[in-house]
1. Whether any residue in the range 280-294 is more than 13 Å from ligand 2 (Cβ to nearest atom), over 16 Å from the mean Cα position of the chain (by Cα) and not small (Gly, Ala, Ser) is what I want to check.
2. Just the residues that are surrounded by fewer than 17 Cβ atoms within 10 Å (Cβ to Cβ) and within 17 Å of residue 146 (Cβ to Cβ), please, taken from the range 86-111.
3. Test residue 26 against the stated conditions and say whether it is assigned to a helix (DSSP H, G or I), under 22 Å from residue 191 (Cβ atoms), of a type in the set (Gly, Ala, Ser) and more than 16 Å from ligand 1 (Cβ to nearest atom).
4. Which residue pairs have Cβ atoms under 6 Å apart, sit 6 or more places apart or on different chains, and have a first residue in the range 53-64 that is over 17 Å from residue 160 (Cα atoms) and a second that is near ligand 2 (Cβ under 10 Å from one of its atoms) and small (Gly, Ala, Ser)?
5. Being at positive phi and either of a type in the set (Asp, Glu) or within 16 Å of ligand 2 (Cβ to nearest atom) (or both) is the filter here; which residues of the range 143-189 pass it?
6. So how many residues does the range 141-192 have that are away from ligand 1 (no atom under 15 Å from the Cβ) and among the polar types (S, T, N, Q)?
7. Condition test on residue 73, is it touching a residue at least 12 places away in the same chain (Cβ under 8 Å), under 30 Å from residue 167 (Cα atoms), within 12 Å of ligand 1 (Cβ to nearest atom) and of a type in the set (Gly, Ala, Ser)?
8. Please state which one of 260, 313, 226 is surrounded by 15 or more Cβ atoms within 10 Å (Cβ to Cβ), more than 16 Å from ligand 1 (Cβ to nearest atom) and charged (D, E, K, R).
Amino acid sequence: MIRHDWTLEEIKDIYNTPLLELMYRAATLHREYQDTAEVQVCTLLSIKTGGCSEDCAYCPQAARYNTGIDVQALMKKDEVLAYAQKAKDAGSTRFCMGAAWREVRDNRDFDRVIEMVKGVNEIGMEVCCTLGMLTESQAQKLADAGLYSYNHNLDTSDDYYGEIITTRTYDDRLKTIDNVRKAGVTVCCGGIIGLGESHEDRINMLRTLSNMPSHPDSVPINALTRVKGTPLEHLPKVEFWDMVRMIATTRILMPGAMVRLSAGRAEMSLSEQAMCFMAGANSIFTGEKLLTTKNPSFEEDHMMFELLGLKPREAFKEEHVHVH
Ligand code: SAM
Ligand code: DTB
Ligand code: SF4
């Protein structure tokens, strides 16, 4: 049964279950609700890199930190479409375009992104964007252009959020997610572990996600990628087992969602990634890079799929309902 009324105590109990038992429970639900032979392959491309006005403490693209990222203007549509086609040829079925923006503005760059959305849609991939905050009418414009999904993460708990970002609020994030839903675009919303948060914060973030009126269609779980020059560069590396615990808990709370093993994959072995799939992950980000940091290559991922007997989930498998 898909629930939206999880209590903090219930989530705590699940999260604190001994690891192998937790994995077994998550794997059982995974088998019940999902096709475990399939993994959703979502290719990321940073279409506008660096120079961001925000202060997200983890982010290499924030202008205020000295991370050595070159600021680049919005990419040309033809280049974006060529990369989307390359991703499709490599087996990817979803294409996510990211921009280092605080929010979308109604300007010529947004018009150009709309054209990119139309173009990727014509290639036959599920189109996703992550462009920062969005108004309802902007979400509607993207929906009309064929946008399938919008990524906007909670990142962490409401309580811890202020330690990580001060230039916009938790409520701003929830509002954007609401605007996306109203436009009939599916929601991709998750978070990051390893920001210095407590277990309680992780549990609280999962409570917010799993008690949404409908669960996000995909939930990215990122391990902090520590980038030199950001305020979080000296934090310890996320323990692999914490990633497994987080993925399994997410799977149990939201059995119908795609749970995405996101940032951090480049530092994992094949056996570690396999363990994440066993624990309920059924989606990954692929691409030559994530946005600016290292990711396994298309070839490496192809080999992993062969080895583990996985196949990419086909595009548009479940028609989502547009509520125009
Ligand atoms: N600027 C837009 C925004 O913030 O919504 C879109 C792009 S932003 C880079 C998308 C997400 O990437 C962030 O919300 C965060 O969850 C994730 N992210 C960014 N830097 C990261 C890092 N160093 N490690 C892990 N996840 C990261
Ligand atoms: C998400 O949850 N993770 C992706 C995507 N959504 C946009 C981004 C991860 C970025 C990691 C740091 C970088 O490559 O710049
Ligand atoms: Fe800007 Fe997004 Fe990075 Fe925050 S996460 S600094 S909003 S690009």
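The values are calculated or read from the model by the stated rules, or taken from the named source; none is laboratory data. Keep in mind that this is a model prediction, so the values were computed, not measured. Counting neighbours? That spans all protein chains shown, and the Cβs are built from the backbone with ideal geometry, glycine included.
1. No: the range 280-294 contains no residue that is more than 13 Å from ligand 2 (Cβ to nearest atom), over 16 Å from the mean Cα position of the chain (by Cα) and not small (Gly, Ala, Ser).
2. Residue satisfying the conditions is 111 alone.
3. For residue 26, the condition - assigned to a helix (DSSP H, G or I), under 22 Å from residue 191 (Cβ atoms), of a type in the set (Gly, Ala, Ser) and more than 16 Å from ligand 1 (Cβ to nearest atom) - is met.
4. Pairs found: 61/50; 61/100.
5. 155
6. 1
7. no
8. Criteria check complete, one pass: 313.
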